[in-house]
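Report on the structure given below.
The values are calculated or read from the model by the stated rules, or taken from the named source; none is laboratory data. All figures in this text were calculated on a predicted structure; none of them were measured in a lab. Note that each Cβ is placed from the backbone with ideal geometry, even for glycine, and that neighbours are counted across all protein chains shown. With ligands, DNA and RNA removed, areas are computed over all heavy atoms of the protein, side chains included. Shrake-Rupley method; radii C 1.70, N 1.55, O 1.52, S 1.80 Å.
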Amino acid sequence: MSRPGGPGSGVRFEWGQPGAQATGGPDSALVIVDVLSFSTAVTIAAGHGAAIYPHPWPAPDIKAFADARDAALAVPRHQARPDQPWSLSPASLLSGPLPARLVLPSPNGSAIAAAAASRHVLAGCLRNATAVARWLENRGYGTASRPAVIIAAGERWPGGGLRPALEDLLGAGAIIAALSPDRTRTAEAAAAEVLWRACREHAGEFLAGCTSGQELAAAGYAGDVTLAAEHDIQDVVPVLTGSAFVNHVPPRGQG
């Protein structure tokens, strides 16, 4: 574990769209962590070869956006049906064939990704934490001149304000913990790492017990929480390429 440094530290942690806008820049890599469920869904889909287009939700132009890219459109979980089965539910992306291109809208992680202005934008979660950290280090991110900015997407209160989300704090901490200790952390990033190290052995229990996990379980999606709590089981790094996330780790046996 690295001790916290000053404001010029190469590994930074912030919350939500305001944090992404304030700290993202042309020389930075932005990692968007929305564990329940955008980043987890993107990691699963990208691992199966799909290109995932982020887009804010709700938005009146969403169907036209998908049509212009010849992409299927994911729907809210409760609207999924046999001819349109894909949604933010990670389980829905494991249960059958995926389209080559999928628009996956959400008000949090997806909206942040769609508006991001950093050189590289990645989707990170518990499932691919170490793969994301390795990708950042291999490309020289995590220094003062090339910062790695880890964004916990959070959720929304009914009035629209940011609701900090434990699952995203843990996901961010897992990625930070996987970075080399010689990458200086801000105090916020170091604290997120400490929390992850303290909670990692019981991550599944924390995700199941947090507000977002309880909400999903009550709606019948406890399986999504279980999938999201799995740590380091995918060697997948979804990177925003053009306007879609694609996996930047070659399949085993290639590259």
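Would you be so kind as to identify which of VAL225, THR130, SER118 lies farthest towards the positive end of the dipole of segment 116-255, taking Lys and Arg as +1 and Asp and Glu as -1 on Cβ and the Cα centre as origin? Going by the Cα projections, it comes out as SER118.
The angle between the Cα long axis of helix 38-47 and the main principal axis of the chain comes to about 80°, on a 0 to 90 degree scale.
Once both axes come from the Cα atoms, what is the angle between helix 166-178 and the longest principal axis of the chain, in degrees from 0 to 90, rounded to 10? The answer is roughly 50 degrees. Measuring nothing but how far apart in sequence close Cα pairs (under 8 Å, 6+ apart) lie, relative to its length, the chain scores a relative contact order of 33 percent. Share of segment 121-226's accessible area from carbon and sulfur, percent, 1.4 Å? Heavy-atom surface of segment 121-226 belonging to carbon and sulfur, 1.4 Å probe: 55 percent. Using every pair of distinct Cα positions in segment 18-139, the Kirkwood expression returns a hydrodynamic radius of 14.8 angstrom. Taking the alpha carbon gyration tensor of segment 80-132, multiplying each eigenvalue by 5 and rooting it gives semi-axes of 23, 15, 10 Å, largest first.
Measuring with a 1.4 Å probe in the full set of protein chains, what accessible area per residue, in whole Å², belongs to segment 70-185? Counting only protein heavy atoms, the per-residue value for segment 70-185 is 37 Å².
Normalised by residue count, the chain yields a Cα convex hull volume of 123 Å³ per residue.
Based on C-alpha pairs under 8 angstrom that are at least 6 apart in sequence, segment 121-255 has a relative contact order of 33 percent. Remark: spin-label model distance THR211-SER95 equals 2.8 nm, labels positioned 7 Å along the Cα→Cβ axis. What is the mean projected area of the alpha carbon convex hull for segment 150-255, to one decimal in square nanometres? Over every viewing direction, the Cα hull of segment 150-255 projects on average to 9.4 nm².
When a 1.4 Å probe is rolled over the protein heavy atoms, the share of accessible surface on segment 6-76 that falls to carbon and sulfur comes to 58 percent. Once the gyration tensor of the Cα atoms in segment 107-175 is diagonalised, the equivalent ellipsoid follows with semi-axes of 23, 14, 10 Å, ordered largest first. Remark: relative contact order (segment 1-139) = 38 percent; criterion is Cα-Cα distance under 8 angstrom and separation of 6 or more residues. Summing +1 for each Lys or Arg and -1 for each Asp or Glu, what net charge is found among the other residues whose Cβ lies under 14 Å from the Cβ of GLY204? Once positives and negatives cancel, what remains is -4. The translational diffusion coefficient of segment 84-224, from Stokes-Einstein at 37 °C and 0.692 mPa s with a Kirkwood hydrodynamic radius over alpha carbon pairs, comes to 198 µm²/s. With 0.36 nm allotted per residue and the present C-alpha distance subtracted, the GLU201-LYS63 stretch has 45.5 nm of extension available.
Find the centroid of the Cα atoms in segment 76-116 and in segment 202-228, then give the distance between the two in whole Å. That distance is 18 Å. Rounded to the nearest 10 square angstrom, ASP83 shows an accessible area of 110 square angstrom against a 1.4 Å probe.
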